[in-house]
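In what follows, a structure is listed as structure tokens, so that the remarks can point back to it.
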Amino acid sequence: MTAPLIPSHYQIQPLSNGRLELQLGGDWVIGNAIPSLNEVKKSLYQYQNISYIVINSHSLGNWDSRLVSFVLRLTEVLSKDNISLDITDLPSGIQSLIRLATTVSARKDTHKKKTQPSFATQLGQKAISSMAEVQKFTTFIGEVYLSMARFIQGKARFRNQDFWQVVQECGPSALPIITLISLLMGLILAFMGAIQLRLFGADIYVANLVAIGMTREMGAMMTAIIMAGRTGASFAAKLGTMQVNEEINAFKTMGIAAMDFLILPRILALTLMMPLLTIYSDVIGILGGLLIGIGVMDISVVEYYLQTQQSITLVDWSTGIFKSSVYGLLIAIIGCMSGIQCGRSASAVGIATTTAVVRSIVIIIVADAIFTLLFESLGI
Amino acid sequence: MAQKAHITVNDLTMAYGDFVIQQNLSFTVNKEDIFIIMGGSGCGKSTLLRLLVGLKQPKNGSVFYQNTNFWQANEQQRNEIMRKNGILYQSGALWSSMTLAENIALPLAEYTDLSTVEISELVSLKLALVGLSGFEDYFPSEISGGMQKRAGLARAIALDPDILFFDEPSAGLDPVSAKLLDDLILELRDSLGATIIIVTHELASIFAIGNNSIFLDADSKTMIAVGDPNILLQESKDPKVRQFLTRGKTYLSEQYS
């Protein structure tokens, strides 16, 4: 398609009075080897007492930025030794590019200092920034509280439509994944229990294990982890992108509290939906246990049902449901906070989403541990 | 100077699904033209640009790059053509997780076999060309909007493109910066010998640098004028074109003519 490249080459011709002629030939383009600056410089400096070098480009073929860059650097190097370079023979395109590149001189104050702080400094900075994080978090919690108070007084404004949309997103839309995970969770619990309980001939107690396991712990916990990954991340990404697009600022300058308008509906929706999803997850989990019960252990459906009914109390259900509500609140708060405090770039949105999910999951597990201790000591 | 066609568009229809935006578009962009795509808001200027650079497929018609039919060409030919295009997006579209130097170095590292040192020399040259010498280690978020645009331009010219596309280059720039950018575009056209295609509705730029143009109309969904914008201003009889090019002073200018 294109003609083969002619190798680039150069030649030096001494003229009179300490003047040299630098003849450039061939194609000086990307994709062709071009002589290195050092090499050319060395050959030029073989001659003594030079003060003026003129470029001759009669045999120059194609050229692109590589030649421009070469000439530019040659000029720089030579000017340090007070040798002037005459480029008037070069094609006018190169000359004007060189003029363009040298009109705005490099700003001296732009080069950033890159220093590696000492370990102690890093530790200190980490501590300070963690403190700042804690402060941000507590401030945010305070704002959420105030917003809730406004909501209860009927003063918080948000569009119903937005609220119901969030409800749809973090409720019904999550059902398929919750179904799958809970069913598998029930199967796993039953299977684990089955192997152990069979040793004692206590097969029927699989129903107890699954029912209590799902309602007290696993239902709420698995739903929370799914929702942290699904909805918490989506809150953070959505609000983060809105922050990047200055949509949040638009709310602020309109005098609309982003807290009431954007965050409150999300917190309310997730806190309301989590218990419902958890009840659903419990039921599906128990169904999963039933499948193992009738499939693997020859327990009849009625037997399994009655055993389940006997084994769990309303207290078991309600502890799970109560916990799930708290998890929902935590996930929504953390997701919204990461989003609203997001920086102004694509990577900041990524960081916000990651933070939201990681923090939510950590805090869910920690909260679960606290609840377990608390219920234990209260005897619930 | 014999004019050689660089891009030829034949009977082009562009649509989103069944919704036709523009149809019956036929025009030629010559080598080293500064070709302006103009028209009111929402007439499909940016869509036409996306179609020309190969981001969106036309519903009908063809786009020829010299003698190659872009949408009939195979993947490899298409990539080859796209690589010779430099595009400056409206907001710069710099990759935010990379420094300016890394932004410009990426295409060079991908498509050439230059060494790291050679690449960094070229990067410095490109930044110098757009007046951003010394900003190599800055992240896009650390510089102003105008600087981001110029850095975007430096990235667009990284591979010495044959064709440079600009999507509203002067949007969001102050008049002085906009003028400097226009000068830069002219300078680059002259020195790189590139063909320039600009989507804009900045009248000052249109008249200052454009030497060929098409005018898209949203109502009739086709082009209603083609040619040098300065001549269009003098000679066009179409009220919509006149209104656009005179900033709505149709009646006034008719009184004078």
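Observations
- Compactness ratio for the protein assembly as shown: Cα radius of gyration over 2.2 N^0.38 Å (N = residue count) comes to 1.33.
- The range A:10-103: antiparallel DSSP beta bridges as a percent of all, rounded to 5: 30 percent
- Net +/- balance of residues flanking A:E21 in space, Cβ distance below 13 Å, scoring K and R +1, D and E -1: -1
- Axis of helix B:116-129 versus longest Cα principal axis of chain B: the two differ by about 40°, to the nearest ten degrees.
- Counting, for every residue in A:63-74, the Cβ atoms of other protein chains within 10 Å of its Cβ and taking the mean gives 4.
- Taking 7 Å steps out from each Cα toward its Cβ at A:R157 and A:S173 produces label points 2.6 nm apart.
- Cβ-based exposure ranking for A:V134, A:V104, in which fewest neighbours within 10 Å come first: A:V134, A:V104
- Volume per residue that the Cα convex hull of the range A:111-203 spans, once the total is divided by residue count, Å³: 344 Å³
- Label point distance in nm, A:H58-B:V20, each placed 7 Å from Cα along Cα→Cβ: 6.1 nm
- Shielding score for A:94-101, defined as the mean number of other chain Cβ atoms within 10 Å: 5
- B:E235/B:D11 FRET efficiency (R0 22 Å; Cβ-Cβ; nearest 0.05): 0.30
- Packing order of peptides A:119-131, A:320-332, highest average first: A:320-332, A:119-131 (average count of other Cβ atoms within 10 Å over each peptide's residues).
- The range A:1-54-the range B:1-37 distance, computed between alpha-carbon centres (Å): 43 Å
- Here is what passes the span test in chain A: the DSSP H helices with alpha carbon length of 30 Å or more along the helix axis and a Kyte-Doolittle mean of -0.5 or above are A:119-152, A:175-199, A:264-296, A:314-340, A:346-378.
- Low-density loop positions, chymotrypsin sites (Phe, Trp or Tyr not before Pro), the range A:24-80 - DSSP coil, at most 14 other Cβ in 10 Å: A:Y45, A:Y47
- Angle in degrees between helix B:145-156 and the longest Cα principal axis of chain B, rounded to the nearest 10: 80 degrees
- Measuring r between the beta carbons of B:V226 and A:E133 and using R0 = 60 Å, the FRET efficiency lands at 0.50.
- Inter-chain neighbour count for B:121-131: the average number of beta-carbon atoms from partner chains within 10 Å of each residue's beta-carbon is 6.
- Sorted peptide list for A:296-308, B:157-169, A:80-92, criterion being average Cβ within 10 angstrom, highest first: B:157-169, A:296-308, A:80-92
Each value in this text was obtained by applying a stated rule to the coordinates, not by laboratory testing. Only a predicted model underlies this, so the values are computations on that prediction, with no experimental measurement involved. Backbone-built Cβ (ideal geometry, glycine too); neighbour counts: all protein chains shown.
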